[in-house]
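The values are calculated or read from the model by the stated rules, or taken from the named source; none is laboratory data. Owing to the predicted nature of the structure, the values given are computational and were not obtained by experimental measurement. Glycine gets a Cβ as well: all are built from the backbone with ideal geometry, and neighbour counts include every protein chain shown.
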Amino acid sequence: MPSLDPQTPITDSKRPPGPWQILWKKFSHNPYAMIGLVVLLFFVVVGLLAPFITKYDPAAIDLMFANLQPGAGGHLLGTDELGRDILSRLLFSTRISLLIGFSVALSSVAIGTVIGAVSGYFGGWADTISMRIVDVMNSVPTLFLNILVLAIFGSQIKYMILILALTSWMSIARLVRGTFLQLREMQYVEAARAIGVSSWGIIFRHLLRNASFPIIVNATLMVGGAILSESALSYLGLGIQAPATSWGLMLSNAQEFMLVDPKQALYPGLCILLVVLAVNFIGDGIRDALDPRQQATKSRRRLDQWRKNYSKSEN
């Protein structure tokens, strides 16, 4: 029998799950989201371990071994028209494409969150100026602006990340603004103001935490959009330039050999398709996990076990 001494601390072995645990439980019961997570983690690991997976330099040209078929000469996926190993180029392209995708998403979220938070919390002239900037940026043709900036400053990775981030933050800003307009009227915000918490403290310590889930969902979806934008710019010849490589650049180089050697375009196109689908599945899974109307799916075995334990009639 446990001691009833008031000095003895009461410990509860069954603590209620936190919000992140509930989120993960719902997310893990979504098969499409889990498949997307596994695929994305696979590409991330492959990109990080690229120098250890292949022995060929992705930029090494050897015309003696040009256009080899898969498996010939020790090249698992064959070679391109310049004798470069296709598998090596795919692996090292994964690094650059994912780097651009995640960097653009993080930069866009940072810019959009700050602008949307200031606009939604303070309102007034700050809201007016911020939303007019958003309207102006939305009215500018994004592809034309990207092409113009990259044609002037060059196709380095840092410029590509910068221009893609500067043309992608508007949706995040509108989302954060709308969320802050609702949250700033809550009672805990009034209580924080009453005890002297500064406006920036309320924004970053209270409101931003409650607005983090929809921001995460949109950030995951922006990764796929950034990868597609990078691939489109590289395909047009304004993205990544040799000796570096990306999936879009591989597609651009392969367009002249579509009828002769279509596998050169098949491999990078398939990688782009898989990664973008995986990221979208993850974003949809997070969105469904955050929806209180969505119930976690239970397996038939678990349901049968519950019926056996709790459906017995008492005699």
message = Among the residues of the stretch 114-127, are any closer than 23 Å to I272 by Cβ, out of contact with any Asp or Glu (no Cβ under 9 Å at 6 or more places or on another chain), surrounded by 19 or more Cβ atoms within 10 Å (Cβ to Cβ) and small (G, A, S)?
response = no
request  = Determine whether T245 is modelled with pLDDT of 80 or more and not in a helix (DSSP H, G or I).
outcome  = yes
task = Could you please let me know if I215 is hydrophobic (A, V, I, L, M, F, W, C) and within 30 Å of V118 (Cα to Cα)?
result = yes
query = Which condition number in (1) in a helix (DSSP H, G or I); (2) more than 28 Å from the chain's Cα centre (by Cα) is the one that V197 fails?
reply = (1)
request  = Out of L273, L233, L228, report the one residue that is under 17 Å from I100 (Cα atoms), in contact (Cβ under 8 Å) with a residue 60 or more places away in the chain and not basic (K, R).
outcome  = L233
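For (1) closer than 20 Å to G248 by Cα; (2) out of contact with any Lys or Arg (no Cβ under 7 Å at 6 or more places or on another chain); (3) surrounded by 20 or more Cβ atoms within 10 Å (Cβ to Cβ), each residue gets a yes or a no:
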| position | (1), (2), (3) |
| --- | --- |
| L48 | yes, yes, no |
| T54 | no, yes, no |
| I61 | yes, no, no |
| M64 | no, yes, no |
| N67 | yes, yes, no |
| A72 | no, yes, no |
| I96 | yes, yes, yes |
| L106 | no, yes, no |
message = Residue pairs, Cβ under 7 Å, 6 or more apart or interchain, first in the stretch 257-270 and free of Cβ contacts under 8 Å to residues at least 40 places away in the same chain, second not in a helix (DSSP H, G or I). List them.
response = A265/M258
ask   = How many residues does the stretch 99-120 hold that are more than 14 Å from the chain's Cα centre (by Cα) and polar (S, T, N, Q)?
value = 2
request  = Could you check, for the stretch 286-294, whether at least one of its residues is small (G, A, S) and either modelled with pLDDT under 80 or within 30 Å of G123 (Cα to Cα) (or both)?
outcome  = yes
ask   = Does E230 satisfy the condition of being closer than 22 Å to I152 by Cα, acidic (D, E) and either assigned to a helix (DSSP H, G or I) or at pLDDT 80 or above (or both)?
value = yes
key: Among the candidates I240, I216, residue that is assigned to a helix (DSSP H, G or I), aliphatic (A, V, I, L, M), under 27 Å from I100 (Cα atoms) and modelled with pLDDT under 85   = I216
request  = Being of a type in the set (S, T, Y) and buried (at least 24 other Cβ atoms within 10 Å of the Cβ) is the filter here, so list the residues in the stretch 230-256 that pass it.
outcome  = S231, S234, T245, S246
message = When you scan the stretch 1-24, do you find a residue that is surrounded by 13 or more Cβ atoms within 10 Å (Cβ to Cβ), of a type outside the set (F, W, Y), modelled with pLDDT under 80 and over 21 Å from L91 (Cα atoms), even just one?
response = yes
query = Is it true that V136 is outside any loop (DSSP other than H, G, I, E, B) and surrounded by fewer than 16 Cβ atoms within 10 Å (Cβ to Cβ)?
reply = yes
